[in-house]
Amino acid sequence: MKLEDPITVVKGVGSKTAELFEKIGVYSISDMLLYFPRTFLEFPDPVENGLFKVGNECAIRAEIISRPIVKKGKIPVVITNVTDGVTDIKLIWFRSVYIASQLKPGSSRIFYGTVVSKDGIFTMEQPRMFSEEDYVNLQKNMQPVYPLVLGLKNNTVRKTVKYILEDDGIKESLDEILPYDIVKKYGFNSIKKTYESMHFPKSKRNFADARKRLVYQEFLAFSLRLKYERSLEDDRGNGISVKNVDDIRRLEDTLPFKLTNSQKSTLDDIFNDISKEHTMRRIIQGDVGSGKTIVAFFAMAAFASNGYSSAIMAPTAVLAAQHYDSLCEFLKMTGLPYEAVLLTGSLSEKQKKDAREKLERKSPVLAVGTQALIQDKVKFKNLGLAVTDEQHRFGVRQRMNLSEKGNDTHMLYMSATPIPRTLSMILYGDLSISDMKDMPKGRLPIKTAVIDDSQRKKAYQLMMREINEGRQAYIICPLVEESELTEARDTFTYTKELKSILPSYVKIDMLHGKMSPSEKNTVMHRFARGKTDVLVSTTVVEVGVNVPNATVIMIENAERFGLSQLHQLRGRVGRGSAQSYCMLVNGSTDPKAQERLNIMHESSDGFYISEKDLALRGPGDYFGIRQSGDPSFKLADIYADSSILKDAAADAQRIVETAPDSVSELLLKLKYRVQP
């Protein structure tokens, strides 16, 4: 086997299994090796009779002492009683009727789960059940748990990865790709051992060492691409020079609101850049709701007044449509005579064709779209400015593709995820940075509270009060589907529960990343138009869709997210004139989790929060949800792995300066070792 071979060359992977693998993005051998477990299970020794601790996960060796009771209904329940020789424990399973046939009175099993005490009765819900022999075998290694889709079993993924790692062809192809001095400098293990330890680690330290190498490779590939491509442009002049922007600046007076000081200073930065001989490469870091988009519109207008077209690329069709509507309103308010053009994949073929013809034949036009803008068939006449919104949602190549639609195109990036200055200088390299910290007047601060499960009833009452006043709410869950292995809220179960809790007239919808783009767009359009009262979603709503009527956001298992991502999610509300509320549901008893979440209660400043996030986060438990929310990386977390990022960026700079001819070959090798 070779890394580039299709996954079907693996023994036991037929067409049906291959279709399931495709749903998780696995098409080749390389994809499979890069499809890492989302967590691991370590099974402890069974506790001695009666010595378990209430509230802690544990394994107990117990005898089944009663016939199972099966209660059928909306949610089927199986109940039986066991004894560990000292204490009787009631075992309860939901939606697992099949398990009743395995519960034979008098037989002994090992049960793994959390024992709780209810009214003096010890219970264990959803325990995992093993024979003595199976449990001993499980204890020998950490057990990988992979992200799955319906129909795909964890054991199928595990066996496939194991087969690949044991193949002689793969062993030979997993040769060293990093320069020898780097491997020696950091003491990295071989790439083969690294993959083995990522999937089947012998210990947490073993896994941490493997992860460190792959995180470094991700950062190195990222930094090399950025620095190498920018080095090729450093000495290039620019034929696009924008003059006479005073008329555009005077248009500020036509707006029904006043620009903030941050907006004005950022416009000064942009107009100063585009009047020079070199290409502008600037990023605007602005907090949620700070008004970055209107600044981009002014920049686009400046180019139009000089005869150049411009384009703004958004990560979703819903957000692109909102930008298009806002741009049309901006042109109407300012009286500018230019045409706005929308191009997204969700348009009809005729609409897309008409849009492409306008972009190719007319100038100036102000284009708004998604990645549809960077397709080969899209051509611009005289493109002068390329704007990328929510820039961290796109890969480096995608961002560059938009600017390459023109000659010497100026580039403006926007990010609503403020990050610490020390990290932004590395991630954005030689990009000029404008920070927008002022908020438009009239916005009320979002009232934020950290709550626990006991306060859930009051949270729902607040939500219903807002809904009855004609407003809307978000509920954010960390998981898409229920998992027996992770105690966290999921969108499917939560949506069902919510429909039984809230009044029947409340319209509830669900959104998650496993939906197709068209399904997601449909759900978001319904919510944006006020057709849905409550949207139960994963973090896909983090991207800046503007729904001013939404005034409540409730984030379940908030302790599982980084502070910067929580702040980004909180920014989905508070976008109108009404008072908005954010409720962070803390599902942890760890005092440190409460301490972290209290920072969200104390401050609404995204820059302050990002600095706190960097200070509090660090190498810790990587066997859970990756918290950075930045899809540029598969494993790496720019906060927890900030020291590795700094090392990789420095090494990339050295390689570009001392061995530029080796960069292309190294990037090609890294392609099959990190996320493409």
In segment 188-197, anything hydroxyl-bearing (Ser, Thr, Tyr) and part of a helix (DSSP H, G or I) is listed as Thr194, Tyr195, Ser197
The number of residues in segment 3-23 that are free of Cβ contacts under 8 Å to residues at least 24 places away in the same chain and more than 22 Å from Leu174 (Cα to Cα) is 6
Note on segment 175-187: residues in a helix (DSSP H, G or I) and of a type outside the set (Val, Ile, Thr) are Tyr180, Asp181, Lys184, Lys185, Tyr186
Given the condition surrounded by 12 or more Cβ atoms within 10 Å (Cβ to Cβ), of a type outside the set (S, T, N, Q), touching a helix residue (DSSP H, G or I) at 6+ places or on another chain (Cβ under 8 Å) and not in a helix (DSSP H, G or I), answer yes or no: does some residue in segment 94-108 qualify?
no
Considering segment 275-296, residues that are in contact with a strand residue (DSSP E or B) (Cβ under 8 Å, 6 or more places away or on another chain), at pLDDT 90 or above and under 24 Å from Gly335 (Cα atoms), and then whichever is most open to solvent (accessible area, probe 1.4 Å), we arrive at Thr293
Contact list, first residue from segment 437-453 and touching a residue at least 12 places away in the same chain (Cβ under 8 Å), second anywhere and open to solvent by less than 90 Å² (accessible area, probe 1.4 Å) and among the aromatic types (Phe, Trp, Tyr), beta-carbon distance below 6 Å, six or more apart or interchain, is Lys447/Tyr581
Scanning segment 151-167 residue by residue, the ones that are in a loop (DSSP other than H, G, I, E, B) and in contact (Cβ under 8 Å) with a residue 12 or more places away in the chain total 3
Scanning segment 499-538 residue by residue, those assigned to a helix (DSSP H, G or I) and open to solvent by 40 Å² or more (accessible area, probe 1.4 Å) turn out to be Lys499, Ser500, Ile501, Pro517, Ser518, Glu519, Lys520, Thr522, His525, Arg526, Ala528
Being touching a residue at least 60 places away in the same chain (Cβ under 8 Å) and farther than 30 Å from Ile609 by Cβ: is that true of Gly429 here? no
Cβ pairs under 8 Å, 6+ apart or interchain, first in segment 641-664 and over 19 Å from Lys184 (Cα atoms), second open to solvent by 20 Å² or more (accessible area, probe 1.4 Å) and of a type in the set (Lys, Arg), ordered by first then second residue, are Val656/Lys227
Residues of segment 554-570 being in contact (Cβ under 8 Å) with a residue 60 or more places away in the chain and either open to solvent by 10 Å² or more (accessible area, probe 1.4 Å) or closer than 15 Å to Val288 by Cα (or both), in sequence order, are Asn557, Arg560, Ser564, Gln565, His567, Gln568, Leu569, Arg570
- prompt: Can you spot a residue in segment 198-208 that is open to solvent by less than 30 Å² (accessible area, probe 1.4 Å), within 30 Å of Ser326 (Cβ to Cβ), part of a helix (DSSP H, G or I) and not hydroxyl-bearing (Ser, Thr, Tyr)?
  reply: no
Test: residue in segment 9-21 that is open to solvent by 20 Å² or more (accessible area, probe 1.4 Å), at pLDDT 85 or above and under 26 Å from the mean Cα position of the chain (by Cα): yes
Of those in segment 304-338 that are more than 34 Å from the chain's Cα centre (by Cα) and either surrounded by fewer than 16 Cβ atoms within 10 Å (Cβ to Cβ) or of a type in the set (Phe, Trp, Tyr) (or both), the residue nearest to Met414 (Cα to Cα) is Tyr308
Of Ile177, Ile164, the only residue that is touching a helix residue (DSSP H, G or I) at 6+ places or on another chain (Cβ under 6 Å) and within 16 Å of Ile7 (Cα to Cα) is Ile164
All-but-one check, Ser231 against (1) farther than 30 Å from Lys669 by Cα; (2) modelled with pLDDT under 90; (3) of a type in the set (Ser, Thr, Tyr), failing number (1)
Note: among Asp268, Asp273, just one is of a type in the set (Asp, Glu) and in contact (Cβ under 8 Å) with a residue 24 or more places away in the chain, namely Asp273
Condition set open to solvent by less than 60 Å² (accessible area, probe 1.4 Å) and either out of contact with any strand residue (DSSP E or B) (no Cβ under 6 Å at 6 or more places or on another chain) or not hydroxyl-bearing (Ser, Thr, Tyr) (or both), scope segment 127-138, selection farthest from Phe94 (Cα to Cα): answer is Leu138
Within segment 134-150, the residues that are in a loop (DSSP other than H, G, I, E, B) and closer than 19 Å to Lys514 by Cα are Tyr146, Pro147, Leu148, Val149, Leu150
Would you check if Glu172 is in a helix (DSSP H, G or I), open to solvent by 40 Å² or more (accessible area, probe 1.4 Å), of a type in the set (Asp, Glu) and modelled with pLDDT under 90?
-> yes
Note: among Val573, Val547, just one is buried (at least 24 other Cβ atoms within 10 Å of the Cβ), assigned to a loop (DSSP other than H, G, I, E, B) and not hydroxyl-bearing (Ser, Thr, Tyr), namely Val573
Checked against (1) of a type in the set (A, V, I, L, M, F, W, C); (2) free of Cβ contacts under 8 Å to residues at least 60 places away in the same chain; (3) under 19 Å from Thr293 (Cβ atoms); (4) part of a helix (DSSP H, G or I), Leu402 satisfies every condition except (2)
Within segment 140-153, the count of residues that are open to solvent by less than 60 Å² (accessible area, probe 1.4 Å) and either of a type in the set (A, V, I, L, M, F, W, C) or modelled with pLDDT under 90 (or both) comes to 8
Can you spot a residue in segment 54-74 that is assigned to a loop (DSSP other than H, G, I, E, B), open to solvent by 20 Å² or more (accessible area, probe 1.4 Å) and closer than 28 Å to Val157 by Cβ? no
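The values are calculated or read from the model by the stated rules, or taken from the named source; none is laboratory data. Please read these numbers as outputs of a predicted model, since none were measured by experiment. Positions of Cβ are backbone-derived with ideal geometry, glycine not excepted, and every protein chain shown enters the neighbour counts. Protein only, heavy atoms only, side chains kept; ligands, DNA and RNA dropped before computing areas. Shrake-Rupley method; radii C 1.70, N 1.55, O 1.52, S 1.80 Å.
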